[in-house]
1. HN-Hα J couplings of region 814-831 from phi, Karplus 6.51/-1.76/1.60, θ = phi - 60°, integer Hz, Gly and Pro as x?
2. So what are the ³J(HN,Hα) numbers for region 731-738, from phi and the Karplus equation (6.51, -1.76, 1.60; θ = phi - 60°), rounded to whole Hz, Gly and Pro as x?
3. Can you give me the long-range amide H partners of Phe164? Hydrogens built in the peptide plane at 1.01 Å from N, cutoff under 5 Å, separation of 5 or more residues or another chain.
4. According to the Kirkwood expression over distinct Cα-Cα pairs, how big is the hydrodynamic radius of region 506-578, in Å?
5. Counting DSSP beta bridges with both partners in the chain, what percentage is antiparallel, nearest 5?
6. Assign unit charges at the C-beta atoms only (+1 for Lys and Arg, -1 for Asp and Glu), then state the dipole size of region 197-353 relative to its Cα centre in Debye, rounded to the nearest 20.
7. Work out how much length Leu462 to Ala616 would gain on full extension: take 0.36 nm times their residue separation and subtract the Cα-Cα distance, in nm to one decimal.
8. What number results when the radius of gyration of the chain, computed over Cα atoms, is divided by 2.2 N^0.38 Å?
Amino acid sequence: MRRRNRLLGLGVVVWLVTAGGAVAQVVRQVRWTFEGPRPAYDLDRLLAVRPGEVLTDETLAASLQNVYLTGLCEQVTARVSPVGGLSQGSSGAGAGSSAVDLTMTCVTPSRIEDVRFYYVTSRTFSPRRLQRHMTDFALGLPYDPAQVERWKEDIRRFYEEAGFESPDVHAHFEEVDARRRSGVLRVYVDEGTPRRIRRWAWSAGPVCPTLRGPVETLLHKAERWNPALQSAIQRVVQRVRQEGYWTAYLEATWSDGVVRLDGQCGPRMRVEVVGWPPEVPPVQAWLDWVGDARAWSDDLLETLGGMLQRTLQAHAYPQARVTWEVRTQTPAAVAVVFRVEPGPMARITSIRWEGLPDELQPEVQPWGPGSPWVYDQFQAWLRRFQVSLQARGYQPVEFQVVPEYGNPGDVRLRVLCSIGPRRYVQDIDFWGNSVWSDEELAAYIPLRRGQALEPRLLDLSLQAIRQKYYQAGYFRVQVEPRVESVPGRPDAVRVDFYVLEGEPTYVDRVIFRGLYYTQAGVLYRLLPFREGDVLQADRLEAFQNRLYDLGLFERVEIPLPLPQQMGDRQDLLVIVREARPARFSYGLGYQENDRVRGILNAQYNNFLGRGYRLYALFRFSFVNWRVLGSFGGRFVGGLPVEWQVAGETGFQRQPNFDLFQTRGLLQGVYRYGPRSLLTGQWEVGETRLENLARTLSPEEVELIAREFENLRLTKLSLGWLRDTRDSVLNATRGQFLSLTGELSLRRWGSDVTFVKLAGQWSVYVPLTSGWVLAVAQRAGWSRRFEAPARLPPDQRVLLPPSQRFFAGGSRTHRGFDFNALGPPLGGNALWLTTVEQRWNLRPTWGLVLFLDVGNVFLENPSLRWSDLRKAGGVGLRYIAPFGPIGVDLAWLLDPRPGEKRFHWFVTVGQEF
């Protein structure tokens with residue numbers, strides 16, 4: 001919030017009514033009255049006197065000043081009224097005291113509820129565009145003349161940058177609602193004179209087309225003369241200089257609609273360097289050496305030659321000499337030859353470390369005998385060696401290099417070392433901390449007792465302490481570390497952290513910007529604090545993540561000033577950019593049972609502006625279809641629980657029957673961590689079976705038609721999932737674990753009573769470069785209860801076919817076609833184990849070797865090796881941007897009569 005000069009504007013009216021004599025006044029209660037809207041902040045926190053305490057002139061003046069300095073009240077008055085009677089010795093009042101009521105009156109400042117723009121001359125830019133350039137503008141801010149002046153300056157600057165001369169802006173605030181103390185800010189804009197470009201004129205003298213053409217193209221396209229156009233012209237000049245016209249320049253000025261251009265390309269430069277040593281990198285900095293020179297001269301050539309000579313000297317050629325010769329010099333071109341006499345290369349013959357202990361000698365010395373003597377590179381390596389010693393706890397560490405030149409090209413180096421003792425941390429203490437205890441801070445920092453004193457650990461500890469206080473809302477905390485030697489122990493130090501905590505920062509007001517579709521109440525419901533609460537950094541980050549989880553915003557920003565610039569109270573500005581609420585998509589795909597299939601879906605993610613989601617889906621193929629409609633949201637009572645109410649109907653063709661299904665769903669998903677979630681679902685629906693397989697016996701067909709042909713189901717499903725994979729479609733490390741339980745009871749209106757449990761565990765282990773071992777285990781068990789007595793004993797525990805386990809196909813067991821493993825109508829139990837060895841041949845191609853073992857059992861699972869069906873095979877993967885596309889060839893290892901031995905599948909994504 002923008003503050004005015006509070007000391008000059010402090011108008012306080014105080015009525016003190018006493019009972020006479022030297023009687024202390026004890027506050028019985030504090031009342032607040034407001035002229036205008038009541039601030040959300042708890043003003044009682046600012047009072048220097050509380051009910052039951054003695055009221056003095058000092059505490060009353062401090063209370064009035066504290067309230068006024070917040071800016072929440074434009075005027076503050078206080079009235080003290082006696083209640084009557086005397087009380088003895090109340091709250092330290094002495095022999096007698098008088099009870100009084102303290103009435104505080106707050107006149108809240110007028111707030112800007114609307115801003116309107118009026119154009120004096122013309123209207124080039126819309127009001128919305130002007131508002132985007134007004135710093136920290138938001139409706140609902142208090143009217144502050146200083147802030148309005150800054151907004152006016154922003155608008156003037158925007159017009160000047162857009163090419164207008166002498167723009168003028170005036171603003172007037174008009175209060176329209178005295179009760180709510182709100183008004184309209186009227187902004188009057190005089191755009192001034194546009195700097196239009198009517199024509200341009202070049203100075204006398206020819207200008208090369210390389211410069212003239214691009215500049216005239218820019219001027220022809222531009223409407224007004226502005227700083228952006230000037231920058232574009234200078235970029236053209238720089239591009240021309242890079243093409244060889246090293247002395248090209250151009251000065252452009254505007255006056256009365258005419259752009260006057262004064263510049264030249266100069267001659268095109270061709271430089272040849274003869275005798276340059278191959279060990280030295282070629283010169284790339286010609287333009288940097290030329291600088292702002294506008295013409296060729298002997299001084300410029302001398303500068304270039306000197307730079308070449310210094311480059312050679314810096315690369316082990318101390319006796320290098322450079323001469324030059326101008327071969328061709330015309331107004332259009334200049335050819336110069338630089339002749340280099342490098343002389344002998346200076347090489348290091350020996351390095352002697354003086355004062356460096358043997359155990360600290362560098363293990364790897366890239367500057368051994370025979371190495372070129374490059375002073376800058378040697379100093380850079382020496383600084384890195386110095387930092388490594390300091391990081392190991394040695395203080396101080398100083399080096400001095402003394403080169404000794406012998407024969408031409410021979411250099412002997414003496415490195416004078418000054419190494420202090422290695423110091424260890426004997427004790428760590430904290431001073432001035434009250435929010436966090438010594439033990440809590442000591443456990444939070446990386447520096448520990450007994451460790452070597454490393455500057456890196458000291459800096460990390462300092463940052464950790466600050467971060468700890470930031471999370472608690474103490475943004476103005478100051479931490480100063482002090483390292484002191486322990487008397488009698490030169491290798492031990494004591495580290496003290498002096499903490500000046502200061503006061504926490506409170507939330508003054510919460511302002512949302514960028515809301516067009518979304519109601520502010522949706523964001524307020526997720527806000528972890530309210531006006532007047534402590535502003536905590538960790539809760540602020542969690543709030544930002546929750547806004548992203550809504551799926552309503554493409555960008556969420558919560559800018560805060562630097563910690564040292566935070567005040568007692570801070571406005572919280574939340575800037576969002578909303579995503580498009582309505583989306584429609586369609587597509588074609590492939591699945592082994594559907595073959596070619598299509599999908600159409602439409603969704604609206606911000607229904608009624610409250611974050612609710614409407615969703616419609618239509619999926620179809622030659623053998624299946626599905627229609628789904630749902631209504632849901634992402635939060636329940638502030639908790640991150642995704643919920644939806646859905647209705648679905650569809651048809652699915654299984655290998656041995658056709659299934660028609662209609663159901664209603666109530667689903668909920670609770671994410672309690674970045675990779676874990678809980679799910680719940682209540683389902684009510686009906687299923688119908690048709691076209692039972694002819695391979696079934698007449699008795700089985702009659703039994704299924706009588707018991708399961710038309711079935712009403714009501715069931716409750718609960719699940720848990722944890723996913724630590726690095727990729728959903730092509731994982732290389734991590735785990736996936738899921739558990740699901742279903743319960744259906746007749747008392748809920750279901751035709752059958754059963755329980756069903758299922759689980760899956762997958763693990764991915766990277767072995768060597770490009771090799772990944774992937775293992776998946778799936779298991780399931782179910783059982784029916786309260787079956788009719790008319791059923792045969794072996795059929796009483798079986799679930800309806802629509803609820804049984806099925807397996808077979810590219811996602812379960814590749815030795816069988818889709819859902820063709822096990823009994824024809826599925827079973828009550830499932831056991832599947834899959835092992836894959838994945839190998840990346842190239843960045844976009846991969847090979848897979850796999851083994852699938854398992855079966856679907858009619859009643860209870862059997863883990864005997866003879867009862868498990870086995871299949872192995874090989875697969876080829878193409879790693880597309882959206883995921884792997886693969887072809888798998890599997891052969892059944894234990895075929896039975898009538899079963900195919902080989903199967904092949906086309907897949908999108910890995911098998912698991």
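1. Listing the rounded values in order: 7, x, 9, 5, 4, 6, 9, 8, x, x, x, 9, x, x, 8, 9, 9, 8 Hz.
2. 6, 10, 7, x, 9, 9, 9, 9
3. Amide H neighbours of Phe164, under 5 Å, 5+ apart: Arg195.
4. Hydrodynamic radius (Kirkwood, Cα only) of region 506-578 equals 12.6 Å.
5. Among the beta bridges of the chain, antiparallel pairing accounts for roughly 80 percent.
6. Result for region 197-353 is approximately 320 debye, rounded to the nearest 20.
7. Contour length minus Cα-Cα distance gives 50.1 nm.
8. Output field value: 1.39.
The values are calculated or read from the model by the stated rules, or taken from the named source; none is laboratory data. Because the structure is a prediction, the values reported are computed rather than measured. Here Cβ is always computed from backbone atoms with ideal geometry, including for glycine, and neighbour counts include all displayed protein chains. Note: accessible area is taken over every heavy atom of the protein model, side chains too, but ligands, DNA and RNA are not part of it. Shrake-Rupley method; radii C 1.70, N 1.55, O 1.52, S 1.80 Å.
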